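What follows is a set of notes on a single structure, which appears directly below.
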Amino acid sequence: MATGSLQEWQRYDRRTRIGRYLMILASLIILAISWVSLELDFGYLLSAPANLADLFVRMYPPDWGYTTTIVDPMIQTINIAIVGTIVAVIIAFPVAFLSAKNTTPNKATYVLGKFIISFSRSVNGIIWGLITVIMFGPGALAGMVAVGLRAIGFVAKLLGEEIEEIATGSVEGVRATGAGTFLVFLYGIFPQIKPALVGISIYRWDINVRISTVIGFVGAGGIGVHLFEAIETFAWRTVLLILIAILGVVIVSEALSAYLRAKVR
Amino acid sequence: MAADQQTWRRPTAFYNRTVKWLFYIGSVLFVGLLLSRTGVSPGRFWQGILFGIDLVGQMVPPTATETQFNRMMEMLGESVAMSMLATVLGVLISIPFGFLAAENLVPKPVYYLNRSIIMVSRSLHSLIVAIIFVKAFGLGVVAGVLTLSFKTIGYWSKLFAEDLEDIDRGQMEAIEATGGSRLHTIVYGVVPQVIPRAIGLTVYRWDINIRQSTIIGIVGAGGIGTVILAAFDKYQYQYASTILLAIVAVVMVGEAISAITRRRVE
Amino acid sequence: MLRTDNLQKTYESGDEALKGVSLSIEGSEIVSMIGPSGAGKSTFIRCINRLVEPTGGEVYLDETELRALGKRDLRKARRDIGMIFQEFNLVERLTVMENVLSGRLGYVSTWRAFRRNFPSEDIQRAYEILERVGLEDMENKRADELSGGQRQRVGIARAVIQQPKILLVDEPTSSLDPETSHKVLDLLTTVAKEDDIPVLINIHEVELALDYADRIVGLSDGELVWEGGTDELDEHARDIIYRGGESREGTGSAIEEEEAAEDRQEIDRQVPGGG
């Protein structure tokens, strides 16, 4: 720094500071516009905690008698997640190879792979649910397909990235022995992506459990159907019971998923 | 002598081969059982696929009347506005939760309490939170903003707390050594280390909030979700596909903005 | 017997990696190919079994012209060419035994390979070879648990179990320390002599080449510039190979390294997919 500014100390230089102020200013303006356009009542927001507390009072104690009724739908929820994951992995597997730069046959297949991935990922699970319920009618089948469709992009994207990272030398080594294309894949490529495939599938299953708990709101089976019904009929104590059950299942599947993924590394 | 061996079998990751085969057979039977219990028949599945193709036919080309289009744009705007407001509100609430959930900064009981709150927020899907909030606060954007804010806690506080746990203790000790109070230690020894990451998390969460803001309307919590549900209910499939495309566009723009901002900050 | 006739390779970028190389290797001789990095040594070796597709000339293995072969026959021909790599090129997550047995993949059916159900002769031979390369009782270890020297021994075993007519060896010691380098080369040359297999070794360390080779060939800028016995490689010969015939100090090695990097890149790009 120049000798003239000995007395001063600034944390950032001028341009950075101005940039920061502008960013903060822009955020505030956007925020103000959002606030105004939503026509939010400030007093109403302040009373939110009280309203919520009131609701929880009505929920307590949970309706334990309802437990036996929700065992079946809870199992169905997990089933939807499992089948949805299996379907997704089976479809995502070839898509991943299309979307990986080093295994895709040509430019067109690469674009196709990427397109399938972003298409599947940009439509939310519940919206897939709206569509599959129209296709298959209400029930678990619609849920499985919706969960699966949503997961294809996720699995294919992560797996494709894994394929792009494989050691090409190993593939070259197997090719040099005179192995055919499929055996090169089986010995040179597949062992390298297998742990990732298992890990990604388990991880996605865990996410799918969460989606499966709500897919019933649009009629696609699982515990969501019962939760929706309980809420619509203001059976708040039942609602609390279902919420506890959902929390339990989600937390257990997350822990299980983390444990299994740690094992396959 | 090893050289006389005629056979070799690959060591299995399972306890032994019997366990391995039992596991595989069990898995197949299990999935078969699942499918049979849900009453999924190939015929029904096939019918659904055929109907799906028909449905796609009814969805193209995406079209909307002028009134529909205006309504769609208005509600998309509402979704985006909700996501912005909820991100700010959510992060403001999340900051204390984050600090109180960092194992190295607070006593154990406080840590566990805050971790539990975070876990509840993370485990409940935004639609579940939304449907309950709709009952508590009525239909509309208030429930939506609060839903997204609540979900922000679970994400933002968790990752922020993990960052706090990873900070360089040396810098904290340096401030403590100068005789600074606990608050001083946090303000000068901790905050500067985590600010860039906090901004990055916020921007990333905003991106997620945009996605969520497009669906919570399905249960009445404001935004474009309300419109898409209505479109499907009224069999306006061409309008529905228009809205879907618009949602995808908004989500992608949000993702791009978020990615660029994060690259610049972090 | 291996013979290349005016073998050429021009990459799509326009780089002429090989400008017509003619070389023949017979009997059970060990030929070392030396030359500066970027001279085209790796490309040459990969053009022989068409891991890199040559753009001109011919390659004969015994009476077969390899460039004329279709995919299927090329794979059959590759079974007769064992290859050992600089980075070992093992499949890290597979066991030592699977890596060795992958040398037999050209012979077994897909279904048997899938089930790891190789013929008992293959397995017996694999055990024998593992013992010869000093890896007895290591068959169930995963390749990524091994040291560099041990990995290269697996690499040798994988090539030898092919019962090849020739071994192509690409910079076998570049990833190893000097002591291990000697041990690996000792082993490699001993095994080759015992089994009567001719060897072509790319190597940039001249001293190692002199220690183990019967004959030396020098490649410079894609051309074969020198050929002779180990005792004939004098200062003048080195100048021809490494400095284009001029006895100058400090020719731009930066450029050579850059070319070498380009060379590797081109090869990497060619590896996945295809035949």
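Straight distance only, please: which lysines reach the Cα of B:K20 with their own Cα at less than 19 Å, same-chain residues fewer than 8 apart left out? Straight-line reach from B:K20, under 19 Å: A:K194, A:K263. Within chain C, no helix built from a complete DSSP H run reaches 30 Å or longer along its own axis (Cα positions) while carrying a mean Kyte-Doolittle hydropathy of 1.6 or higher.
Centroid-to-centroid, using Cα positions, segment A:62-106 and segment C:126-164 are 41 Å apart.
Would you mind classifying segment B:1-46 by shape? Square roots of the alpha carbon gyration tensor eigenvalues, ordered a ≥ b ≥ c; an a/c under 1.5 is rounded, otherwise it is prolate if a/b is larger than b/c and oblate if not. Prolate, since a/c reaches 1.5 and a/b exceeds b/c. Spacing of the modelled spin labels on B:A256 and C:R93, each 7 Å from Cα toward Cβ, amounts to 3.5 nm.
Ranking of C:S13, C:S175, C:S32 by neighbouring Cβ atoms within 10 Å, starting from the fewest: C:S13, C:S175, C:S32.
With coordinates expressed along the principal axes, the C-alpha atoms belonging to the protein assembly as shown extend over 97, 84, 57 Å, beginning with the largest. For A:K114, list the lysines whose Cα falls under 20 Å from its own Cα; do not include residues on the same chain fewer than 8 positions away. Within the straight-line cut-off, A:K114 pairs with A:K101, A:K157. Helical runs assigned H by DSSP (4 residues or longer) give chain A a calculated mean residue ellipticity at 222 nm of -25500 deg cm²/dmol, each run adding -39500 (n - 2.57) before division by the residue total.
Would you mind counting up the charge near A:W236? Only other residues with Cβ under 13 Å from its Cβ, with Lys and Arg at +1 and Asp and Glu at -1. With Lys, Arg at +1 and Asp, Glu at -1, the neighbours total -1.
For chain B, the mean residue ellipticity at 222 nm estimated from helices alone is -24500 deg cm²/dmol, where every DSSP H run of n ≥ 4 contributes -39500 (n - 2.57) and the total is divided by all residues, rounded to the nearest 500. Exposure proxy for A:V171, B:V253: other Cβ atoms within 10 Å of each Cβ, ordered fewest to most, give B:V253, A:V171.
Annotated for segment B:67-265: lysine pairs at least 8 residues apart or interchain, Cα distance under 29 Å, count 5. Overall shape: oblate for chain A, with the ratio a/c of the largest to smallest alpha carbon gyration tensor axis at 1.5 or above and b/c at least equal to a/b. Gain on full extension, evaluated as 0.36 nm per residue between B:R264 and B:Q58 minus their Cα-Cα distance, stands at 69.8 nm. The label-point distance for C:T10 and B:S36, in a model that sets each label 7 Å from Cα toward Cβ, rounds to 6.7 nm.
Each label was represented as a point 7 Å from its Cα along the Cα-to-Cβ direction; for C:H236 and A:A32 these points are 8.9 nm apart. Helical runs (DSSP H, four residues minimum) scored at -39500 (n - 2.57) apiece and divided by the length of chain C put the mean residue ellipticity at 222 nm at -11500 deg cm²/dmol. Sorting A:M23, B:M82 from the fewest to the most surrounding beta carbons within 10 angstrom yields A:M23, B:M82. Would you mind classifying chain B by shape? Square roots of the alpha carbon gyration tensor eigenvalues, ordered a ≥ b ≥ c; an a/c under 1.5 is rounded, otherwise it is prolate if a/b is larger than b/c and oblate if not. It is oblate, given that a/c is not under 1.5 and a/b is not larger than b/c.
Every read-out reported here was derived from the displayed coordinates using simple, explicitly stated rules and does not represent laboratory data. Quantities reported herein were computed from a predicted structural model and do not represent experimental measurements. Quick reminder, even Gly has a Cβ in these numbers, built from the backbone with ideal geometry, and neighbours come from all protein chains shown.
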